[in-house]
Amino acid sequence: MKSLLLIPVIATMLVGGVYLMADDDHYEKGNIKQRAAQLPVSPQQQSYIKECSSCHMAYQAEFLPKRTWAKMMNGLDDHFGVDASLTAKDEKILFDYLQKNAADSKRVGKHFAKMAASAGDTSLRISDTRYFKKEHRKIPQKYIDQKEVKSIANCNACHQKAESGDYRERGISIPNYGRWDD
Amino acid sequence: MKNLLLALFCAASLSAASPEVTQYIETLQSKAALADPAFEGFDAKRGEAVFTSEHLGKKGKTIACTSCHTVNLASKGENYFTGKVIEPLAPSANSLRLTSAKEVEKWLRRNFNDVYNREGTAKEKGDVLIYIMTK
């Protein structure tokens with residue numbers, strides 16, 4: 001029984017693997033070295049990814065300024081209406097990680113910089129920044145509401161490489177719509 | 001009676017929870033006994049009710065543990081709020097479950113707050129863990 005169940009799992013993994021490889025061939029030639037160079041992930045980043053990716057993808061610290069992250073980290077027990085609280089020790093590690101890697105703490109790519117620079121003072125959302133709204137205003141609402149996406153906060157539903165911090169247009173594919181040609 | 005319960009409990013825990021999680025459950029057991037002298041041990045049937053009953057949650061919406069973990073604990077679930085896939089909760093289907101006391105404590109704190117809009121009691125937490133272990 002158990003092995004029977006395993007077959008579809010393995011099949012999916014294989015298909016997924018082939019798809020990723022094909023995708024890499026098309027779009028990522030020459031980028032492999034660059035990715036390998038980014039690889040050594042610090043223990044702080046590992047903790048961040050583990051703790052902040054259990055309910056949604058781990059959003060890059062570079063998207064928001066220090067003040068926004070500080071506010072978010074001080075209210076984890078009521079995080080967008082849910083309890084995301086941590087032990088005091090883990091909270092401190094993630095607080096420091098986010099402060100150190102926020103958009104206004106180091107040099108960041110232009111999309112990150114524009115997002116953070118247009119962040120307001122009340123909302124803690126990346127998806128509420130002015131630049132974000134401008135970039136996403138042309139997407140018909142039904143593609144956001146559909147169950148494959150569910151929320152505009154699910155970056156990785158459309159940005160196939162969001163988890164590695166790549167939001168370039170050629171990596172965008174909206175479920176039931178396809179590639180986005182602007 | 002108490003010994004029998006303990007023996008049953010140990011047999012179940014050996015297969016489904018790590019030593020540190022078993023130890024955590026023992027701490028819950030002491031707390032539950034302290035809170036209620038008539039307490040006779042954790043019960044999977046009560047745990048099932050804890051897990052499947054609906055409540056007005058933290059967000060003001062009717063929600064149950066099963067809203068995210070589904071009624072079949074051996075299958076994948078989906079986060080009710082974000083849509084992210086959740087790996088099976090049953091230790092028989094996911095060997096990583098109930099291996100870290102820190103993870104179990106953290107998620108029970110969060111998940112009870114989200115579903116019951118309050119912390120779970122030691123009795124509720126123990127009952128529901130015993131229930132999950134039978135899955």
Any idea of B:Phe81's accessible area? Nearest 10 Å², probe 1.4 Å. 50 Å²
Just to be sure I understand the model, the point goes 7 Å from the Cα along the line to the Cβ. What's the resulting A:Asp128 to B:Glu87 distance in nm? 3.4 nm
Can you send over the carbon and sulfur percentage of the accessible area for segment A:41-179, probe radius 1.4 Å, protein chains only? 53 percent
Ignoring ligands and nucleic acids, what accessible area does A:Asp77 show with a 1.4 Å probe (Å², nearest 10)? 90 Å²
B:Gly47: net charge of surrounding residues, Cβ under 11 Å, Lys/Arg +1, Asp/Glu -1, itself excluded? +1
Note the buried accessible area between A and B here, summed over both chains, with a 1.4 Å probe, in Å² to the nearest 100. 1500 Å²
Cross-link table A:Lys71/B:Lys58; A:Lys66/A:Lys92; A:Lys138/B:Lys58; A:Lys50/A:Lys89, entries beyond 22 Å C-alpha to C-alpha: A:Lys138/B:Lys58
What net charge is computed for the residues neighbouring A:Lys133, neighbours being all others with C-beta under 14 Å from the C-beta of A:Lys133, Lys and Arg scored +1, Asp and Glu -1? +4
Protein chains only, probe 1.4 Å: how do A:Ser105, A:Ser118 rank by accessible area, largest first? A:Ser105, A:Ser118
Only helices counted: for chain B, with every DSSP H run of 4 or more residues adding -39500 (n - 2.57) and the sum spread over all residues, [θ] at 222 nm is -17000 deg cm²/dmol
Which net charge results for the neighbourhood of A:Ser123, defined as the other residues with beta-carbon distances under 12 angstrom from its beta-carbon, given Lys and Arg at +1 and Asp and Glu at -1? +2
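The values are calculated or read from the model by the stated rules, or taken from the named source; none is laboratory data. Note that the structure is a prediction, hence the values are computed from the model and not measured. Positions of Cβ are generated from backbone atoms using ideal geometry, with glycine treated the same way; all protein chains shown enter the neighbour counts. Heavy atoms of the whole protein, side chains included, go into the accessibility calculation; ligands, DNA and RNA do not. Shrake-Rupley method; radii C 1.70, N 1.55, O 1.52, S 1.80 Å.
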